[in-house]
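Engineer: Sharing a structure below in structure tokens format, with a few things to ask.
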Amino acid sequence: MNTVNALFELEVKKLLRTWIILGFGIVAPLFFLVMQTEISNNSLELYGMEIAPIDFTFPMFAFLSVVVLAIGNVGIGFSYMRSIYFFRRLRLASVKSIQFISANFLVQLLCAIFTIVLLVVVAATRYNLSFEGKSFLTFGSILFLSFMMCYFIGVFIGNLTTDPKTSQTLSMAVYFVIIFLGGVTFPTELMPSFMQNIASILPTTHAVKVLQISWNGGDIWESYHLLYVIGTTIITGILSIRFFKYD
């Protein structure tokens, strides 16, 4: 536990130095929430339910904060740490991969929680986001599961290669594909059919769908979205630990 605590403090200091990614992780979800909600004046339909625009966009951009931190920051961060031989130092200090992953996970999670709280404040004060009839336990549990999925994706991508430049390029490529096609900045329902086909493969698309359903009181088991997220989380979790590279 002492090792995890020390790594946690170290990861907090490192994250505070990367103010660009940290700032983007906070500003981007707020920006897209305001933009998408402002241009959506009429009620929307979601699986047969008539919902307000804010009830459609809030789950989407709460998840965007997760994607920015858990995929973008983690994937790129692993590339940087590899370039300065940080992981080699961990191995020399006999730090286990699960200890580092646990500490890094907690830091990213706290940042995501902070951003989501800001989203709630903006959505409630500016767009009258209603909490009546909402199941916070269900929504929060699925959002946490989705965070785990994205974090494991980021860790796995960051460990596919030991070359820092290749790792960074790969992480950026996956990150931007998810940002533009994964349903986190633009509704997949409005995409051309061929883009929707691509989006349907990405696990983030299914995370957004099930978050929107749970937030609006729908049946989360009515479709396969939640099962897709659970399956992806388990698989990427195993892969992220199995293929963790120190060199």
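Engineer: What size of dipole, in debye to the nearest 20, comes out for the range 77-157 about its Cα centre when the only charges are +1 on Lys and Arg C-beta atoms and -1 on Asp and Glu C-beta atoms?
Structural biologist: Values: 7 positive and 1 negative charges, 93 e Å.
The dipole of the range 77-157 has a size of about 440 debye.
Engineer: Ok, one more. What does the highest-first list of 5-11, 75-81, 152-158, 183-189 look like by mean Cβ count within 10 Å? Walk me through the numbers before you get to the answer.
Structural biologist: Details: 5-11: 15.6, 75-81: 21.6, 152-158: 26.0, 183-189: 19.7.
Averaged packing, sorted descending, gives the order 152-158, 75-81, 183-189, 5-11.
Engineer: Can you compute the charge dipole magnitude of the chain about its Cα centre, using +1 on each Lys and Arg Cβ and -1 on each Asp and Glu Cβ, nothing else charged? Give it in debye, rounded to the nearest 20.
Structural biologist: Values: 14 positive and 12 negative charges, 272 e Å.
Approximately 1300 debye in magnitude.
Engineer: Ok, one more. What translational D, rounded to a whole number of µm²/s, comes out for the range 70-152 from Stokes-Einstein when the hydrodynamic radius is the Kirkwood one over Cα pairs, at 4 °C and 1.567 mPa s? Present the calculation step by step, with values, prior to reporting the outcome.
Structural biologist: Details: Rh = 15.1 Å.
D, rounded to a whole number, is 86 µm²/s.
Engineer: Separate question: With the dipole of the range 96-247 worked out from charges on the C-beta (+1 for Lys and Arg, -1 for Asp and Glu) around the Cα centre, which of Thr232, Tyr127, Val210 lies farthest toward the positive end?
Structural biologist: About the Cα centre, the residue reaching furthest to the positive side is Thr232.
Engineer: Follow-up. Which pairs, out of Lys14/Lys245; Lys14/Lys209; Lys96/Lys209, put more than 28 Å between their alpha-carbon atoms?
Structural biologist: Where the Cα-Cα span goes over 28 Å, the pairs concerned are Lys14/Lys209; Lys96/Lys209.
Engineer: Tell me, what are the semi-axes, in whole angstrom and largest first, of the equivalent ellipsoid of the range 98-141 as set by the roots of 5 times the Cα gyration tensor eigenvalues?
Structural biologist: Ellipsoid half-lengths, sorted descending, are 28, 14, 4 Å.
Engineer: Please find, in a Gaussian network model of the chain (springs between Cα atoms separated by less than 10 Å), the residue of Ala112, Ala123, Ala207 whose mean-square fluctuation is greatest.
Structural biologist: Answer for the Gaussian network model of the chain: Ala123.
Engineer: What does the accessible area of Val95 come to, in Å² to the nearest 10, when a probe of 1.4 Å is used?
Structural biologist: Surface accessible to solvent at Val95 totals approximately 20 Å².
Engineer: Would you calculate a helix-derived [θ] at 222 nm for the chain, using -39,500 (n - 2.57) for each DSSP H run of n ≥ 4 and dividing by the full residue count, to the nearest 500?
Structural biologist: Numbers: 11 runs with 178 residues, N = 247.
Result for the chain: -24000 deg cm²/dmol, rounded to the nearest 500.
Engineer: So, in Å, what gap is there between the alpha-carbon centers of the range 173-239 and the range 116-137?
Structural biologist: A separation of 22 Å, based on Cα centres.
Engineer: Give me the net charge for the shell around Val120: Cβ to Cβ below 14 angstrom, other residues only, Lys and Arg +1, Asp and Glu -1.
Structural biologist: On the way: positive: Arg126, Lys134; negative: Asp55.
Net local charge, Val120 excluded: +1.
The values are calculated or read from the model by the stated rules, or taken from the named source; none is laboratory data. Not measured: the values here are computed from a predicted model. All Cβ positions, even for glycine, are placed from backbone atoms using ideal geometry, and neighbour counts span all protein chains on display. All accessible areas refer to the heavy atoms of the entire protein, side chains included, with ligands and DNA or RNA removed. Shrake-Rupley method; radii C 1.70, N 1.55, O 1.52, S 1.80 Å.
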